[in-house]
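The values are calculated or read from the model by the stated rules, or taken from the named source; none is laboratory data. Quick caveat: nothing in here was measured; it's all calculated off a predicted structure. All Cβ positions, glycine included, derive from the backbone under ideal geometry; neighbour counts span all protein chains shown. Only protein heavy atoms, including side chains, enter the accessible area calculation; ligands, DNA and RNA are left aside. Shrake-Rupley method; radii C 1.70, N 1.55, O 1.52, S 1.80 Å.
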Amino acid sequence: DGFAAERLFSQGYSYTYDDVIFLPHYIDFPTDSVRLSTRLSRNIPLSIPCVSSPMDTVTESHMASAMASLGAIGILHSNLPAADQAALVISAKSRRVPLLSSPVFLSPSDRISSADDFDSKPYVLVTESGAADSKLLGYVSRSDWESLPEKEVKVFDYMVNSSDYVPWNSDLGRIDSYLEEKKRDLAVLVKDDEVVDYLTKDDVERIKGYPKLGLGTVGEDGKWMVGAAIGTREQDKERLQHLVRAGINVVVIDSSQGNSIYQIDLIKHIKLNYPRLDVVGGNVVTISQAQNLIQAGVDGLRVGMGSGSICTTQEVCAVGRGQATAVYKVASIASQYGVPVIADGGISNSGHIVKALTLGASTVMMGSFLAGSTEAPGAYEYQNSCRVKIYRGMGSLEAMTKGSDARYLGDKAKLKIAQGVVGKVADKGSVLKFIPYAMQAVKQGFQDLGASSLESAHDLLRSKTLRLEVRTGAAQVEGGVHGLVSYEKKSF
Ligand code: XMP
């Protein structure tokens, strides 16, 4: 019944996730026993198969630490100076909580004269010099300040004296007990005499309310694992030096067409100079592209060209591939060399994640799925009474003006051509909440297929036990909600 993937994907069509559907198999285990543990690249184990895209509206420190806390990983974008990208790495790795409060610091001799001095934060922290790397002396709470009759105050006169702190690598449980024992609302995190961040009791309660996923992604250094993107220009070698010093665990070479002499030379350079650093190459969509990068020594392959929600590459350049076909083809060769595949772009629901993983990917990389979350960079704005955040392609003119043109131009082209757009996505809340739900949905999909893990899904694929079919246009309409005048779209 149905077709094996090998036959379906060898008929000359470029299929995307929505074009194909899997036939259900046999269930002999409960949903909760499905294991989603996997690898991003040869040496980076993850407990869930999710990766955040190196895009400047998706992954900065907050997203990277939240993804790591979920057992996933974030790849920091490179659309900023090398030193600033390295600072994002350090920031993401300098705490073991999935939060970034970005404290405001003042010294005792500073004055607070308006609410702006709190920068929308509930506390300002007071240190000797008013900088993060000086002795912690105490804090001023915004609610205390608001209740003062005289608003122009000297910090020294109103601060709560307290040099109490918890170590930077305290987990949520430890911080919770600290707040409980000390009867406090605030836990300041300190690392090597430098104040890293703080957490309030409300933060802890909120995070405790989210579903638990299990182990976070922690490296040998005891810190969150974090990846970072670089381009293929000569100056990217210097950028990489900064990033390695900052402690990255994996580097992703960010190219829309990765099968190039520039990338192959860079992979060889990295493998020679940083033998302990995993390198993800890409992007590729064909077997021969993948073979070239595997031969050059990559530890992981990123697959996708023009499948992203903000991409216009296929329209502008007439190259690319349907994402289901691309993932299947590249994974079929990469698996022979033990190189994990990242299915990058085009994920807009949990069914797409099931399809990508079952067709051979080890992880999915997501942009739009994560943009609009609390942890994505940028402030919320309102559009037609909807809370939205900006999400833009790294090949959009706006992003390229800031520097990301390396990914799309490769060399020194003088005329910039956009290969992406700028848009807005709705507020989705915290990734700490919706990723666990998405993973539960993926487990249910795996259960329907009779796959209790990613390895067993890949075994079903290769043994041709996995059967699939192409959906006609009408079948796709039938597979979605239809025939209703209106309905409320809520997944959890
Ligand atoms: P999703 O569908 O998750 O896709 O939003 C994210 C992926 O899209 C790629 N990307 C681009 N591709 N033009 C492109 O052709 C662009 O401007 C662009 N920006 C990002 C990238 O692979 C990302 O992970």
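Against the condition of a type outside the set (S, T, N, Q) and either under 23 Å from residue 82 (Cβ atoms) or out of contact with any strand residue (DSSP E or B) (no Cβ under 7 Å at 6 or more places or on another chain) (or both), how does residue 397 come out, does it pass? If you could, list the steps in order and put the result at the bottom.
Numbers: of a type outside the set (S, T, N, Q): yes; either under 23 Å from residue 82 (Cβ atoms) or out of contact with any strand residue (DSSP E or B) (no Cβ under 7 Å at 6 or more places or on another chain) (or both): yes.
Considered against the rule, which asks whether it is of a type outside the set (S, T, N, Q) and either under 23 Å from residue 82 (Cβ atoms) or out of contact with any strand residue (DSSP E or B) (no Cβ under 7 Å at 6 or more places or on another chain) (or both), residue 397 comes out as yes.
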Cβ pairs under 6 Å, 6+ apart or interchain, first in region 334-349 and more than 16 Å from the ligand (Cβ to nearest atom), second assigned to a helix (DSSP H, G or I) and of a type in the set (Gly, Ala, Ser), ordered by first then second residue, are 334/290
Yes/no for residue 399 being hydrophobic (A, V, I, L, M, F, W, C), surrounded by 15 or more Cβ atoms within 10 Å (Cβ to Cβ), modelled with pLDDT of 95 or more and within 16 Å of the ligand (Cβ to nearest atom) = no
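Looking at region 160-188 only, could you name the residues that are among the hydrophobic types (A, V, I, L, M, F, W, C), in contact with a Leu (Cβ under 7 Å, 6 or more places away or on another chain) and within 21 Å of residue 144 (Cβ to Cβ)?
Let us first name the residues in region 160-188 that are among the hydrophobic types (A, V, I, L, M, F, W, C), namely 160, 166, 168, 172, 175, 179, 186-188.
Imposing the further condition that a residue be in contact with a Leu (Cβ under 7 Å, 6 or more places away or on another chain) reduces the set to 166, 168, 175, 187-188.
Within region 160-188, 187, 188 meet the criteria.
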The helices (runs of 4 or more DSSP H) lying entirely within region 114-198 that contain at least 2 residues which are at pLDDT 90 or above and open to solvent by 90 Å² or more (accessible area, probe 1.4 Å) are 172-182
Taking region 1-21 and keeping residues β-branched (Val, Ile, Thr) and either at pLDDT below 95 or over 17 Å from residue 303 (Cβ atoms) (or both) leaves 21
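When the residues of region 297-310 are narrowed to those that are within 13 Å of the ligand (Cβ to nearest atom), part of a loop (DSSP other than H, G, I, E, B) and of a type in the set (A, V, I, L, M), which ends up nearest to residue 9 (Cα to Cα)?
305
With the structure loaded, tell me whether residue 406 is modelled with pLDDT under 90, more than 13 Å from the ligand (Cβ to nearest atom) and either not in a helix (DSSP H, G or I) or not hydroxyl-bearing (Ser, Thr, Tyr) (or both) or whether it fails that test.
Numbers: modelled with pLDDT under 90: yes; more than 13 Å from the ligand (Cβ to nearest atom): no; either not in a helix (DSSP H, G or I) or not hydroxyl-bearing (Ser, Thr, Tyr) (or both): yes.
Taking the combined requirement at face value, the residue does not satisfy it.
Tell me, yes or no, whether region 239-258 has at least one residue that is in a helix (DSSP H, G or I), near the ligand (Cβ under 10 Å from one of its atoms), in contact (Cβ under 8 Å) with a residue 40 or more places away in the chain and buried (at least 24 other Cβ atoms within 10 Å of the Cβ). Even if it seems obvious, please write down each step before you answer.
Just the residues of region 239-258 that are in a helix (DSSP H, G or I), to begin with: 239-246.
Checking the rest, the ones that are also near the ligand (Cβ under 10 Å from one of its atoms) come to none.
Within region 239-258, not a single residue is in a helix (DSSP H, G or I), near the ligand (Cβ under 10 Å from one of its atoms), in contact (Cβ under 8 Å) with a residue 40 or more places away in the chain and buried (at least 24 other Cβ atoms within 10 Å of the Cβ).
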Restricted to region 1-51 and to residues being open to solvent by less than 40 Å² (accessible area, probe 1.4 Å) and among the β-branched types (Val, Ile, Thr), the residue nearest to residue 251 (Cα to Cα) is 44
Any residue at all in region 314-332 that is β-branched (Val, Ile, Thr) and more than 15 Å from the ligand (Cβ to nearest atom)?
yes
Among the residues of region 276-295, the number that are in a helix (DSSP H, G or I) and open to solvent by less than 10 Å² (accessible area, probe 1.4 Å) is 2
How many residues of region 311-340 are assigned to a helix (DSSP H, G or I) and within 23 Å of the chain's Cα centre (by Cα)? The answer is 9
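Out of 82, 68, 92, report the one residue that is open to solvent by 10 Å² or more (accessible area, probe 1.4 Å), of a type in the set (A, V, I, L, M, F, W, C) and away from the ligand (no atom under 16 Å from the Cβ). If you could, list the steps in order and put the result at the bottom.
On the way: 68 fails: open to solvent by 10 Å² or more (accessible area, probe 1.4 Å); 92 fails: open to solvent by 10 Å² or more (accessible area, probe 1.4 Å).
The match here is 82.
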